[in-house]
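The values are calculated or read from the model by the stated rules, or taken from the named source; none is laboratory data. As the structure is a computational prediction, the values presented were derived from the model and not from experiment. Cβ: placed from backbone, ideal geometry, glycine included. Neighbour counts: every protein chain shown. To get the accessible areas, we keep the full protein, side chains included, count just its heavy atoms, and leave off ligands, DNA and RNA. Shrake-Rupley method; radii C 1.70, N 1.55, O 1.52, S 1.80 Å.
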Amino acid sequence: MALIAVAITIALQACSSDDESETPLVPKILTPGTDHRPLNWQAPDYRQFELTMSLQVQLGDTLVNFQSQQDLMCVTINNEVRAVTGPKSTLGEIYFPLTIAGNGSEGVMTLNYYCDNLHRIYTIPNWGTFNPSIAPSGDGDIYRPKFTNYVFQ
């Protein structure tokens, strides 16, 4: 809970104006919601697919202040879960290593993030196309999607 209080304080400071008499507003997407940890986000049976695509993802927006070890990142293709993972840490850097299952160039991926501290699921539709030949860390840098730029579920 202390992490939530610190993150909300940071968000409040970022949203506050020069006039201290005004009450700062917290964007709705950073207030606690009612989503539960998705039980249907289960790793696929990789034996059912021809290929895999590996990516490393870090939160690229304000949500980084709310992340916890209970969070989940999930990739779906055609509404079918193709990868799911919790956060990992290396040398103090928190990231989500995704191994995405697929068959050929079968379609568009949707990226989903469950934030346990906020009890919210954030989604980036049409995040990318399944392509097992791309570098796991992107073009020279790790993938840092900005979920707060999209409408959440």
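Considering each of 64, 75 in turn, give the residue that is in a strand (DSSP E or B), free of Cβ contacts under 8 Å to residues at least 60 places away in the same chain and either farther than 30 Å from residue 27 by Cα or hydrophobic (A, V, I, L, M, F, W, C) (or both).
Values: 64 fails: in a strand (DSSP E or B).
Of 64, 75, the one residue that is in a strand (DSSP E or B), free of Cβ contacts under 8 Å to residues at least 60 places away in the same chain and either farther than 30 Å from residue 27 by Cα or hydrophobic (A, V, I, L, M, F, W, C) (or both) is 75.
Taking the condition of being within 12 Å of the chain's Cα centre (by Cα) and over 11 Å from residue 114 (Cα atoms), how many residues in the stretch 24-65 meet it? If you could, list the steps in order and put the result at the bottom.
Applying the first criterion (within 12 Å of the chain's Cα centre (by Cα)) to the stretch 24-65 yields 56-64.
If we keep only those that are over 11 Å from residue 114 (Cα atoms) too, we end up with 56-62, 64.
Matching residues across the stretch 24-65 total 8.
I'm checking my understanding of the structure. Among residues of the stretch 29-65 that are farther than 22 Å from residue 145 by Cα and among the acidic types (Asp, Glu), which one is surrounded by the most Cβ atoms within 10 Å (Cβ to Cβ)?
50
Of the residues that sit in the stretch 10-56 and are assigned to a helix (DSSP H, G or I) and at pLDDT 90 or above, which one is nearest to residue 75 (Cα to Cα)?
Initially, the stretch 10-56 is screened for residues assigned to a helix (DSSP H, G or I), giving 10-15, 28-30, 46-48.
With at pLDDT 90 or above added as a condition, the list becomes 46-48.
Values: 46: 14, 47: 17, 48: 16 Å.
The residue in question is 46.
State the number of residues belonging to the stretch 59-105 that are within 22 Å of residue 133 (Cβ to Cβ) and of a type outside the set (A, V, I, L, M, F, W, C).
Within the stretch 59-105, residues that are within 22 Å of residue 133 (Cβ to Cβ) and of a type outside the set (A, V, I, L, M, F, W, C) number 12.
So which residues in the stretch 92-105 are more than 17 Å from the chain's Cα centre (by Cα) and either open to solvent by less than 60 Å² (accessible area, probe 1.4 Å) or among the basic types (Lys, Arg) (or both)? Show your work before the answer.
Applying the first criterion (more than 17 Å from the chain's Cα centre (by Cα)) to the stretch 92-105 yields 92, 101-105.
Of everything in the stretch 92-105, those that are more than 17 Å from the chain's Cα centre (by Cα) and either open to solvent by less than 60 Å² (accessible area, probe 1.4 Å) or among the basic types (Lys, Arg) (or both) turn out to be 101, 102, 103, 104.
Quickly run through the stretch 102-124 and pick out the residues that are at pLDDT 95 or above and not in a strand (DSSP E or B).
Selection gives 116, 117, 118, 119.
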